[in-house]
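The values are calculated or read from the model by the stated rules, or taken from the named source; none is laboratory data. Keep in mind that what you see is a predicted model, and the values were worked out from it rather than measured. Positions of Cβ are generated from backbone atoms using ideal geometry, with glycine treated the same way; all protein chains shown enter the neighbour counts.
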Amino acid sequence: MSEPSFRFIAEMVHSILSYLDPPNTMLQSEDMDLLTGMQLVNSACVCVENLRSEIKFVALLERCMEKRRRTINPAFDSYIVEERIAQEDPNDEMELRRLYFSCIDSVCGEIKERFGERNCAVMGALKALDPEDADFLDASKITPLLKLTNTSVVDTEYAVANQFLRARMDDTSPPDGGRWTMAKVLKYLHQPLETMPSVITALKHALTFGASTALCENSFSTLKNVFSDHRQSMLHKRKANLIMLAFEKDLTKKFRSEWRDTVLRRFHSVAHRRLPLY
């Protein structure tokens, strides 16, 4: 841990994760919508990209290098040479430089792939289908979602549906109470919307987009190897074994700390400290 390379990697990881910590905290909030969360992640990505400069690298490298106080060697008192400079390996700095820039490029590339402009446009389309949104049924914002299924956008249908639904939702409330949602619009106002098929298609896409995305992620993503509470039940053999390992880890930890003195004192107090052989 005292090696400069270890300290450099630790400082580099800490500087990158410090920019990603606010989006991580906000995305776990119940009040955070997905579109705002993605925009927050993109803002953090810009901050990480700003780390990709020679000035930032040199400043980080200087903080991690050994700072030993140099003294004049008395053996060189009668010589012109005042001190001896040890030969430094330029490959160490070159390797750290390569690691620094490649790590930042990898992190930014992964963030842009997952939270890129295209995904933000799709999230904006889902937001525009929320009955309580200011851009409800704005055809220009819903277009990215319908392009995924090659569905044509009819502007006149969205204009008529917007006027009709807003007037209907302002005058009445859902029969089951609460606020108007996409599911309730399709459930209680499906008949008049049948004359506007492109609007019904967009609402159905918005309702199934989240579930289908989660199913595909669970089926094909590399995260399927992670046994989380939402992926597998506790009846799974590996997860059942994790419980036993957790108890054994806790007992081992106690034997090494709080129980150690008690066990040694009890063993020392026994008169015959011989292990019986059976």
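Close contacts from the range 91-108, counting a first residue that is assigned to a helix (DSSP H, G or I) and a second that is among the aromatic types (Phe, Trp, Tyr), with Cβ to Cβ under 9 Å and a gap of 6+ residues or different chains, come to Leu96/Phe8; Leu96/Phe57; Arg97/Phe57; Leu99/Phe8; Tyr100/Phe8; Tyr100/Phe57; Phe101/Phe57. Checking each residue in the range 131-148 for being buried (at least 16 other Cβ atoms within 10 Å of the Cβ), assigned to a loop (DSSP other than H, G, I, E, B) and either within 26 Å of the chain's Cα centre (by Cα) or of a type in the set (A, V, I, L, M, F, W, C) (or both) picks out Phe136, Leu137. Ala128 meets the stated requirement of being surrounded by 17 or more Cβ atoms within 10 Å (Cβ to Cβ) and at negative phi.
With respect to Leu186, is the statement that it is closer than 30 Å to Arg114 by Cα and modelled with pLDDT of 80 or more true? The answer is no for Leu186. Per the conditions (1) assigned by TED's automatic domain parsing to the domain that holds Met182; (2) without any contact (Cβ under 8 Å) to a residue 40 or more places away in the chain, the sole criterion not satisfied by Ala121 is (1).
State yes or no: is Asp155 farther than 30 Å from Leu60 by Cβ and under 26 Å from the mean Cα position of the chain (by Cα)? No, not satisfied.
Would you check if Ala134 is within 24 Å of Thr36 (Cα to Cα) and in contact with a helix residue (DSSP H, G or I) (Cβ under 8 Å, 6 or more places away or on another chain)? No: the conditions fail for Ala134. Here Ile55 meets each of (1) more than 29 Å from the chain's Cα centre (by Cα); (2) modelled with pLDDT of 75 or more; (3) exposed (fewer than 10 other Cβ atoms within 10 Å of the Cβ); (4) in a helix (DSSP H, G or I) with one exception, condition (1).
Does Ala183 qualify as being in contact (Cβ under 8 Å) with a residue 12 or more places away in the chain, crowded, with 19+ Cβ neighbours inside 10 Å and within 31 Å of the chain's Cα centre (by Cα)? No.
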